[in-house]
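So the structure is just underneath, and the comments pick up after that.
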Amino acid sequence: MAGAIPFTVRLRRPDVTSANNNRRATLFVTCIVDQVYPSIGQATVALLEQQGVEVHVPPRLTCCGQMAFNAGFRDEAYAIAGRTIEVLRGQGDVVLPSGSCTAMIRHLYPELFDHSPYAEPARELAGRTYELTEYLVDVLGITDVGAHFAGRIAYHHACHGLRFIGVKAQAEALLSGVRDAELMPLAGCQECCGFGGLFAIKQAAISEAMLERKLAAIAASEADLVVTGDASCMTQIAGGLSRAGSSIRARHLAEVLANMVDVR
């Protein structure tokens, strides 16, 4: 990846006194964030640095290999993921603003590299890889990051984060700490939005029907903002809202927590 996020230009970090001051984390920014949504990467860096965590981004880090793996190209996925393991050796905690890519590393790397020379390195990497919200809540012990949003928020639980790695309560706890925000119930908040990577292309009619169901629930929630923890789901939902002419916006949770979302 070309590295769209200017990580050499650090966001201003406030003075912090924290038990996390000596902690170092590697940000795995993910392909879609790197190429399409750099603000999500910037928000993630800001959130971690505000908690006293030193953030590092290896310049040779590219893709986790999930797209190739899910499409059945195991040899190609093996090559990409093997390189990722090498780049992340000795890099400490690995944090991703994506349940999808986290699930790939934590659960599917051990499967992909089973009975190979990378079997143990894959298991070791899986053991220190975290989705952003679980890292903030479960590792750093933080639920209030000083966020505020004067509006109504509905939350969509992305499939991989929810079903593969069990991330649910963490996002809810962080949203509960957003000052001035009114959290709106979203019917079917744990139902798929219909994206699923190549699924949206290969099964377009089913994907569109699932999205229509999700959009109807979002409209009924009367939220100003629908938030999720995966940029892929955000893309699917945002596209549907835009085509429907809705005033509701879709944003990543990291952007909300980092105060990078205006009311309008």
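The values are calculated or read from the model by the stated rules, or taken from the named source; none is laboratory data. None of the values given here were measured: they were computed from a predicted structure. Cβ atoms come from the backbone with ideal geometry, glycine included; neighbour counts cover every protein chain shown. Ligands, DNA and RNA are excluded from the accessible area calculation, which covers all protein heavy atoms including side chains. Shrake-Rupley method; radii C 1.70, N 1.55, O 1.52, S 1.80 Å.
Screening GLN190 on (1) within 23 Å of CYS31 (Cα to Cα); (2) open to solvent by 20 Å² or more (accessible area, probe 1.4 Å); (3) touching a strand residue (DSSP E or B) at 6+ places or on another chain (Cβ under 9 Å) shows it passes everything except condition (1). Checked against the criteria, SER176 does not count as within 21 Å of CYS101 (Cβ to Cβ) and among the polar types (S, T, N, Q).
Look through region 14-29, keep the residues that are modelled with pLDDT of 95 or more and closer than 18 Å to ALA258 by Cβ, and return whichever of them is surrounded by the most Cβ atoms within 10 Å (Cβ to Cβ). So that I can check it myself, show each step before the final result.
Our first condition is that a residue be modelled with pLDDT of 95 or more; within region 14-29, this holds for 25-28.
Add one more test, that the residue is closer than 18 Å to ALA258 by Cβ, and what stays is 25, 27-28.
Details: ALA25: 26, LEU27: 25, PHE28: 29.
Restricting to residues being modelled with pLDDT of 95 or more and closer than 18 Å to ALA258 by Cβ, the top hit is PHE28.
Can you report the number of residues in region 115-139 which are farther than 18 Å from ALA43 by Cβ and hydroxyl-bearing (Ser, Thr, Tyr)? Of the residues in that region, 3 qualify.
The single residue among GLU191, GLU182, GLU172 that is out of contact with any Ser or Thr (no Cβ under 8 Å at 6 or more places or on another chain) and at pLDDT below 95 turns out to be GLU191. Candidates in region 57-82 are the residues that are among the β-branched types (Val, Ile, Thr) and modelled with pLDDT under 95; of these, the one that is nearest to HIS115 (Cα to Cα) is THR62. ARG152 satisfies every condition listed in (1) under 22 Å from ASP93 (Cβ atoms); (2) open to solvent by 30 Å² or more (accessible area, probe 1.4 Å) except (1). In this structure, LYS214 does not qualify as out of contact with any helix residue (DSSP H, G or I) (no Cβ under 9 Å at 6 or more places or on another chain) and not small (Gly, Ala, Ser).
Among the residues of region 72-82, the ones that are open to solvent by less than 90 Å² (accessible area, probe 1.4 Å) and either over 21 Å from the mean Cα position of the chain (by Cα) or among the polar types (S, T, N, Q) (or both) come to 4 in all.
Of everything in region 217-264 that is hydroxyl-bearing (Ser, Thr, Tyr) and either buried (at least 24 other Cβ atoms within 10 Å of the Cβ) or touching a Phe, Trp or Tyr at 6+ places or on another chain (Cβ under 8 Å) (or both), the residue that is modelled with the highest pLDDT is THR228.
Please specify each residue of region 192-207 satisfying the condition of being in contact with a helix residue (DSSP H, G or I) (Cβ under 9 Å, 6 or more places away or on another chain) and more than 17 Å from HIS156 (Cβ to Cβ).
Of everything in region 192-207, those that are in contact with a helix residue (DSSP H, G or I) (Cβ under 9 Å, 6 or more places away or on another chain) and more than 17 Å from HIS156 (Cβ to Cβ) turn out to be LEU198, ILE201, ILE206.
All told, GLY41 falls short of being buried (at least 22 other Cβ atoms within 10 Å of the Cβ), under 17 Å from the mean Cα position of the chain (by Cα) and either over 24 Å from VAL227 (Cα atoms) or at pLDDT below 95 (or both). Among the residues of region 88-123, those that are on the phi > 0 side of the Ramachandran plot and without any contact (Cβ under 8 Å) to a residue 40 or more places away in the chain comprise GLY90, HIS115.
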